[in-house]
Structures are given as structure tokens and as C-alpha cells.
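In what follows, a single structure is set out as C-alpha cells and then discussed.
The values are calculated or read from the model by the stated rules, or taken from the named source; none is laboratory data. Here the structure is a predicted model, which means the values were calculated and not measured. Every residue, glycine as well, gets a Cβ built from its backbone with ideal geometry; the counts of neighbours run over all protein chains shown.
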């Protein structure tokens, strides 16, 4: 069935999720939560908008799969948690200074080891998927060469997986940039681009919010990134973090439930 949402409804949905797109750029609008107090008796978790994992709900409160997971672990361990959803520069600075104890989502880099203690295992993995119209006739099994000759969209200034960067640098596909995932979805729906690359789960969340049914991801990703909930080396609450993470599973179980909800 073709995408038939009325213009007014589309604009309403777009306005609700437009701020989420900048996750790929790392420049999010400030959340409504105030900066955390380093003297709080709770663990302070900060991060930028990364739906459906972490985001500010319509009531201004932190919501998402990570929030649910940490609140469950908090009840089991007796360790309180607070959430500050903000932009990346503020989240990073608060964690570097020890005003926030934990930060999500982060990838591992040698530079960040100076101020972050990474767990041995990532809390989740982000699959960088290729999305196309369901009736496009395209095939993709994870190999960048299958995208040669196509027009592929990506988030402007977004950090891409090395496999996709290699495709960009090869010049064998035409790469077009858009500011938001919504724009990528719409451009693909209308045939202005052949496909686009974006984190699979977050894009499915966005597509569900705007009622987009004509665009879907290929099963095989172009790359996978380990994502961590990392601890500030400036925090004095290491014992609390140790207690909490003993009761903290990975996000995979929450993701399975999220995907099942989209199929209902």
C-alpha cells in the first residue's frame, strides 16, 4: 500500500522526531533535563537523543529501551539512576568532568580511554543497514560492491562505518546527503535516491513514527559497531556502577521486544 498520510499528519510526525536525526552528527538540541549534580546519591547517566534506546519523551522525561533496562537493574541492585538527555558536547563534557557517571551511546576509541572506562562487552551493537523501497528490485548481501552505480543517501556530516566510507572514497556510487532520517526515507520513497545507509533500529523507529511502509532494510548490514555504556574515570561511584552492572543484561532482549511490537 502506498504511503498515504495526509500532509498535516506528516508534518506533525516530522516535527516530533526531527530532533532525533542529529544523533549522527552529534549536535542534538538540549533536553529539558537540567545538568546533573555530581553530589547526587544516584548514578547519573547522560547521552544524546538515540531513539528508541534513549530520548526525551513528550513529557520531557527520559524514555527508551536503555532507560527501561537501567531502571529494572536499579530496582534489583538498589542503586539509583538519573538520566540527563542533552547534546553530545554537553554529555561528553559532563562525563569528562565527573558530573555524569555514565554515557551512552559511545564507540571505543583510544582517545576516549583517557576519560572513559569501557566494560569488557558492549551493551548493544548498531547495525548500519542499507534501506531501499520494497519494490526496488535491488539486492544487497552486505557487500559494498553491490551498491556500485547507485545513488546512495546518508546523513550529512554523519560518522559512517569504515565499509561505507570505503565505498564513498572509491567514487563508484553517487553519495547524496540529507539532514534527517525522515528526509532519507522520503527521498527513497519518491525514488530520488536508490537507497540509503543508517542505523537499522533507529531508522525502523522513525519509519514507524511517520507511518512509512514502502521502505525497508536489507537483512545483511554493511557494517556493525559495538556500542558501550561507559563509565567516567572522574566519577567516585565505581562501587555503585559495579553493583548496578552485575544486574545489567545487554539491550538485545529489549530490541527483540521492540521489533516484535513493530510487527503487530
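Among the residues of segment 65-79, how many are assigned to a helix (DSSP H, G or I) and buried (at least 17 other Cβ atoms within 10 Å of the Cβ)?
So the answer is 8.
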- request: Could you please tell me which pairs satisfy a Cβ distance under 6 Å, a separation of 6+ or placement on different chains, a first residue in segment 238-264 that is without any contact (Cβ under 8 Å) to a residue 60 or more places away in the chain and on the phi < 0 side of the Ramachandran plot, and a second residue that is surrounded by 13 or more Cβ atoms within 10 Å (Cβ to Cβ) and in a helix (DSSP H, G or I)?
  value: 262/208
query: Do you know which of the residues in segment 80-99 that are assigned to a loop (DSSP other than H, G, I, E, B) and in contact with a strand residue (DSSP E or B) (Cβ under 6 Å, 6 or more places away or on another chain) is nearest to residue 240 (Cα to Cα)?
result: 98
- line: (1) at pLDDT below 70; (2) over 19 Å from the mean Cα position of the chain (by Cα); (3) surrounded by fewer than 18 Cβ atoms within 10 Å (Cβ to Cβ) all hold for residue 36 apart from (3)
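Kindly indicate whether residue 131 is closer than 27 Å to residue 256 by Cβ, outside the structural domain of residue 239 (by TED's automatic domain parsing) and under 19 Å from the mean Cα position of the chain (by Cα).
Against the criterion (closer than 27 Å to residue 256 by Cβ, outside the structural domain of residue 239 (by TED's automatic domain parsing) and under 19 Å from the mean Cα position of the chain (by Cα)), residue 131 qualifies.
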- request: Kindly indicate whether residue 226 is within 30 Å of residue 81 (Cβ to Cβ), modelled with pLDDT of 95 or more and not in a loop (DSSP other than H, G, I, E, B).
  value: no
message: Exactly one condition in (1) surrounded by fewer than 17 Cβ atoms within 10 Å (Cβ to Cβ); (2) under 24 Å from residue 182 (Cα atoms); (3) within 18 Å of the chain's Cα centre (by Cα) is false for residue 109; which is it?
response: (2)
task: Only residues that are over 30 Å from residue 110 (Cβ atoms) and either surrounded by fewer than 18 Cβ atoms within 10 Å (Cβ to Cβ) or touching a strand residue (DSSP E or B) at 6+ places or on another chain (Cβ under 8 Å) (or both): list them for segment 203-246, please.
output: 204, 207, 208, 209, 211, 213, 214, 215, 216, 217, 218, 219
- prompt: What residue, among those in segment 100-123 that are farther than 14 Å from residue 245 by Cα and out of contact with any strand residue (DSSP E or B) (no Cβ under 7 Å at 6 or more places or on another chain), is modelled with the lowest pLDDT?
  reply: 109
query: In the set 146, 121, 127, which member is under 24 Å from residue 249 (Cα atoms) and surrounded by 14 or more Cβ atoms within 10 Å (Cβ to Cβ)?
result: 127
